[in-house]
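First the structure, in the form of structure tokens, and then the observations on it.
The values are calculated or read from the model by the stated rules, or taken from the named source; none is laboratory data. All of these numbers come straight from a predicted model, not from anything done at the bench. Note: ideal-geometry Cβ built from the backbone for every residue, glycine included; neighbour counts use all protein chains shown. We work out accessible area using only protein heavy atoms, side chains counted, and drop any ligands, DNA or RNA first. Shrake-Rupley method; radii C 1.70, N 1.55, O 1.52, S 1.80 Å.
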Amino acid sequence: MPTAAIYSRHGNPLEVLETVTAELSAPGPGEALVSGILAPINPADLNAIEGTYPTRQQPPATPGVEGAGVVTAVGPGVEASSGIAPGVTVLLPHGYGTWREAGVLKADQLTPVPQDVPFREAAMLKINPATAWRMLHDFGPQEEGGWVIQNAANSAVGRHVIAIARELGLKTVNVVRRAELIGELTGIGADAVILENDATKENIAEVTQGAPISLALNAVGGESAMRLASALAPGGVMVTYGAMSRQALKIPAGQLIFKDLQFRGFWVSRWYEQADPADRQAMFLRLFDLARLGVIHTPVERVYPVAEVREAAARAMEGERSGKILLGTER
């Protein structure tokens, strides 16, 4: 019988996570059985277990907002022309509860994945790569050669911003806190990497040779965000998608009055809720292409079986890892 991770109350993941086994029924009309599920442990998943995330399930619940699996059976009415058939790799619905070995889902909620897309990349495609893709397309410069600046450039989203921006012909200035990251990020395609300090604004102007910067991506907040804002050209946009410093944005009035900057927020979960299915599919097709080509690549440190969810969560909560922690089954 397949295993699933659950939490019966909100709290420390290491204390409230447990596993259960349950026999799954055969897929009914319009349904598909998906097995061999592989899912990442994202910070948002841990926050949801703790009860600190803006949206959360009522316990008992299975964590996990993204993942991929393989269709092993389909119910009546699921036509092969839909792309959902036994043996097909699929993306699971956003927020389904993916920390499990198998599940029965509505077939029309599944997204077929081309066979030549690496399974690991498919399992991690719906959050970090999608966030980077959407911010660059929905807020970013449209002309090739335009500049984008970001803090937390060594984060998962930050690395995808570097890769996708390069593919789109955009240039990136990447702000980090540790000098050893400069060579690493330059090696994956960053056009410029600078340290976060009081000279950040001047250093940005130097590496861009004074070129206007129209988009800033902020995952830190506080003083770091204001350093990015000060580097934006008049009419530029700052998009905040994280708050690692847990410090509020304090926007100087002059940035609004004299530079007419725009301050926006982005949350990929809301985008999934509001996006037209055709827009979601169009994005997935492009991200599949990038994953197939190796443009999108997320290092993985280890894959844990679902039965070891507490050990996996403990490692995911530690720093200085060599890659993501995944739960489930390798293909």
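From the list Glu167, Glu206, the lone residue that is among the acidic types (Asp, Glu) and touching a helix residue (DSSP H, G or I) at 6+ places or on another chain (Cβ under 7 Å) is Glu167.
Looking across the stretch 306-323, the residues that are touching a residue at least 60 places away in the same chain (Cβ under 8 Å), open to solvent by less than 60 Å² (accessible area, probe 1.4 Å) and out of contact with any Lys or Arg (no Cβ under 9 Å at 6 or more places or on another chain) come down to Val309, Ala313, Ala314. Applying a threshold of 8 Å to beta carbon distances and a minimum spacing of six or more residues, or different chains, the list of pairs starting in the stretch 241-252 at a residue that is touching a residue at least 12 places away in the same chain (Cβ under 8 Å) and open to solvent by 60 Å² or more (accessible area, probe 1.4 Å) and ending at one that is of a type in the set (Val, Ile, Thr) and not in a loop (DSSP other than H, G, I, E, B) reads Leu249/Thr240. Within the stretch 168-183, track down each residue that is modelled with pLDDT under 95 and of a type in the set (Lys, Arg). Across the stretch 168-183, the qualifying residues are Arg177, Arg178.
Among the residues of the stretch 270-285, is there at least one that is more than 19 Å from the chain's Cα centre (by Cα) and part of a loop (DSSP other than H, G, I, E, B)? Yes: one or more hits. For the residues Gly64, Gly77, the requirement of being open to solvent by 10 Å² or more (accessible area, probe 1.4 Å) and at positive phi singles out Gly77. Candidates in the stretch 289-305 are the residues that are part of a helix (DSSP H, G or I) and closer than 16 Å to Arg166 by Cβ; of these, the one that is most open to solvent (accessible area, probe 1.4 Å) is Leu293. Starting from residues that are more than 19 Å from Asp138 (Cβ to Cβ), surrounded by fewer than 21 Cβ atoms within 10 Å (Cβ to Cβ) and of a type in the set (A, V, I, L, M, F, W, C), keep the ones in the stretch 157-192 and report whichever is farthest from the chain's Cα centre (by Cα). Once the filter is applied, the top-ranked residue is Ala179.
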